[in-house]
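Here's the structure we're looking at; comments come further down.
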Amino acid sequence: MKLTFLGTAAAEGVPAVFCNCPTCLRAKQRGGKDIRTRSQILIDGDTLFDFPMDTYLHMLRYKLDLSKITRVLITHAHMDHCYPQEFCMRGGPFAHDMTEPRVTVYCNSTVRDMFMADTAREIRDEVKSGIELKTVEPYDSVMSGDVKLIALPASHTVGEKCLVYYVERRGVGALLMNDTGPLSEDVFVRLKSMGAKADIAALDCTYGAIRHGTGRHMGLYDIVDQYALMNKVGILSSDARVIATHLSHNTDLDYDGIAAAARPYGITVAYDGMTVEKIAK
């Protein structure tokens with residue numbers, strides 16, 4: 001399984017769209033790994049984890065054929081994770097010679113309703129017919145081709161069943177936890193009982209090198225705690241990669257700073273364009 005971190009920022013990006021704080025000014029000046037677009041992960045070239053408004057930029061930057069995407073996993077209805085208007089362009093006269101005729105969008109009921117409402121005015125019937133919206137609930141397990149998906153409950157927006165996902169393909173598992181506070185031990189126990197074993201775990205690190213606690217996001221030291229909890233439960237493989245992503249400019253740390261803070265704990269800090277690849281043993 002190959003994961004490409006197309007974007008690794010929280011909602012406002014780094015530098016943030018209207019911000020002149022020291023972190024954002026420094027990022028504009030330095031560029032490189034200090035520039036973060038909205039979070040999105042490409043899995044094996046045919047699966048997207050979240051669909052932010054920066055998807056078009058990611059297509060340009062990484063020379064992607066987005067018509068190859070056959071499944072999109074949406075976590076929740078915030079625009080930096082779900083920008084459905086782009087799907088109106090998935091067909092004629094806006095797109096020709098597409099690689100795959102159909103795409104399945106996995107989401108909760110809030111995202112489904114938002115998707116339908118936001119695209120209703122402009123989407124053509126022939127485009128709509130190539131998009132399947134599949135609603136999933138926490139702990140639903142779905143086979144999509146050779147990919148096993150398990151939806152898990154996120155700790156994020158009150159009133160919405162926000163999700164994170166476990167993805168498994170050809171004996172390799174990835175636990176993808178954007179936009180969530182810490183998950184309880186019960187969630188990991190339930191996931192393990194469903195046969196999951198994560199070789200890669202990518203966790204929300206919105207608050208950088210601090211502890212956020214029981215809120216709707218995490219910081220580095222919440223990830224350290226989750227890492228220990230996942231090991232206690234036995235949900236991680238012995239050589240699992242634990243990765244921090246979805247970072248905000250409000251951390252007041254550049255890439256080098258947060259990477260240095262994470263290194264003693266064996267945690268990798270993601271940057272835009274980073275790839276991680278695991279093969280089954």
Residue list for region 144-182, restricted to those being among the aliphatic types (A, V, I, L, M), over 29 Å from ILE210 (Cα atoms) and out of contact with any Leu (no Cβ under 8 Å at 6 or more places or on another chain): VAL147, VAL172
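So which residues in region 260-281 are surrounded by 12 or more Cβ atoms within 10 Å (Cβ to Cβ) and among the polar types (S, T, N, Q), if there are any at all?
First, pick out the residues of region 260-281 that are surrounded by 12 or more Cβ atoms within 10 Å (Cβ to Cβ): 260-262, 265, 267-274, 276-278.
Within region 260-281, just THR268 meets the criteria.
Working carefully through the options LYS134, LYS148, find the one that is basic (Lys, Arg) and in contact with a Gly (Cβ under 9 Å, 6 or more places away or on another chain). Lay out the reasoning, then the answer.
On the way: LYS134 fails: in contact with a Gly (Cβ under 9 Å, 6 or more places away or on another chain).
It is LYS148.
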Only residues that are touching a residue at least 24 places away in the same chain (Cβ under 8 Å), aliphatic (A, V, I, L, M) and not in a strand (DSSP E or B): list them for region 148-179, please. ALA154
Looking at region 117-135, I want the residues that are touching a residue at least 24 places away in the same chain (Cβ under 8 Å) and surrounded by 11 or more Cβ atoms within 10 Å (Cβ to Cβ) and have a partner that is outside any helix (DSSP H, G or I) and of a type in the set (A, V, I, L, M) with Cβ atoms under 8 Å, at least 6 apart or on another chain. Which pairs are those? GLY130/VAL103; ILE131/VAL103; ILE131/VAL105; GLU132/VAL103; GLU132/VAL105; LEU133/VAL105; LYS134/VAL105; LYS134/VAL142
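Do the conditions hold for VAL127, that is, is it in contact with a strand residue (DSSP E or B) (Cβ under 6 Å, 6 or more places away or on another chain) and modelled with pLDDT of 95 or more?
Values: in contact with a strand residue (DSSP E or B) (Cβ under 6 Å, 6 or more places away or on another chain): no; modelled with pLDDT of 95 or more: yes.
Here the answer is no, as VAL127 does not meet what is asked.
Taking region 227-250 on its own, how many of its residues are under 24 Å from LYS278 (Cβ atoms), over 17 Å from the mean Cα position of the chain (by Cα) and either in contact (Cβ under 8 Å) with a residue 12 or more places away in the chain or buried (at least 19 other Cβ atoms within 10 Å of the Cβ) (or both)?
Within region 227-250, the subset under 24 Å from LYS278 (Cβ atoms) is 227-247.
In the following step, the residues that additionally are over 17 Å from the mean Cα position of the chain (by Cα) were identified as 227-240.
Applying the additional criterion that residues be either in contact (Cβ under 8 Å) with a residue 12 or more places away in the chain or buried (at least 19 other Cβ atoms within 10 Å of the Cβ) (or both) yields 227, 229-230, 232-237, 239-240.
The number of residues fulfilling the criteria is 11.
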Checking LYS28 against (1) farther than 21 Å from GLY130 by Cβ; (2) touching a residue at least 24 places away in the same chain (Cβ under 8 Å); (3) among the basic types (Lys, Arg): exactly one of these is not met. Which one? (2)
Looking only at region 160-179, decide whether some residue is modelled with pLDDT under 95 and either of a type in the set (S, T, N, Q) or buried (at least 22 other Cβ atoms within 10 Å of the Cβ) (or both). yes
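The rows are residues; the columns are (1) farther than 27 Å from GLU277 by Cβ; (2) in contact with an Asp or Glu (Cβ under 8 Å, 6 or more places away or on another chain); (3) of a type in the set (Lys, Arg).
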residue: LYS28; (1), (2), (3): yes, no, yes
residue: ASP34; (1), (2), (3): no, yes, no
residue: THR47; (1), (2), (3): no, no, no
residue: MET59; (1), (2), (3): no, no, no
residue: LEU73; (1), (2), (3): no, yes, no
residue: GLY92; (1), (2), (3): yes, yes, no
residue: ASN108; (1), (2), (3): yes, yes, no
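Restricting attention to region 22-32, does a residue exist that is hydroxyl-bearing (Ser, Thr, Tyr) and touching a helix residue (DSSP H, G or I) at 6+ places or on another chain (Cβ under 9 Å)? Show your work before the answer.
Residues of region 22-32 that are hydroxyl-bearing (Ser, Thr, Tyr), as a first pass: 23.
Subset that is touching a helix residue (DSSP H, G or I) at 6+ places or on another chain (Cβ under 9 Å): 23.
Within region 22-32 (the criterion being hydroxyl-bearing (Ser, Thr, Tyr) and touching a helix residue (DSSP H, G or I) at 6+ places or on another chain (Cβ under 9 Å)), the answer is yes, since at least one residue qualifies.
The values are calculated or read from the model by the stated rules, or taken from the named source; none is laboratory data. Because the structure is predicted, anything quoted here is derived from the model rather than measured. Heads up, the Cβs are rebuilt from the backbone with ideal geometry, glycines too, and the neighbour counts pull from every protein chain shown.
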